[in-house]
Amino acid sequence: MFHNNMVYKGYRLTARVSRISVGGSDRPAFTATVAVEYAGDQDKLGESHAVPLFESGGFVSTPGMAVDAAINHGRRMVDAHARPA
């Protein structure tokens, strides 16, 4: 089993995985989005953000790989937001 969320620098990152069909193939393919919210936010209204890999038409072969791509993108978003001016 894999985890679809983590807390990173005070933000909760949550990956939402989708199974997709690619060109009529029977092989599994997956994409994901990531929600970024303050870890203490009890409302859990985090808006989903597209992951560039998947937004450009890419996909991966396992749900775990989709989660990894989404969480890594969320970490980059937090890091970019936290940079001092």
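The values are calculated or read from the model by the stated rules, or taken from the named source; none is laboratory data. Keep in mind that this is a model prediction, so the values were computed, not measured. Ideal geometry is used to build each Cβ from the backbone, glycine not excepted, and the neighbour counts take in all protein chains shown.
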Practice item. Those residues that are over 20 Å from Val7 (Cα atoms) and not in a loop (DSSP other than H, G, I, E, B), I need them from segment 44-65; list them, please. Key: Pro52, Leu53, Phe54, Glu55, Val60
Review point. Pick from segment 1-38 the residues that are modelled with pLDDT of 85 or more and among the small types (Gly, Ala, Ser): which of them is farthest from the chain's Cα centre (by Cα)?
Key: Ser21
Exercise for review: Starting from segment 61-85, take each residue that is surrounded by 15 or more Cβ atoms within 10 Å (Cβ to Cβ) and list its partners that are part of a helix (DSSP H, G or I) and modelled with pLDDT of 95 or more, counting only C-beta distances under 8 angstrom and pairs at least six apart or across chains.
Suggested key: Ala66/Phe54; Ala69/Leu53; Ala69/Phe54; His73/Pro52; His73/Leu53
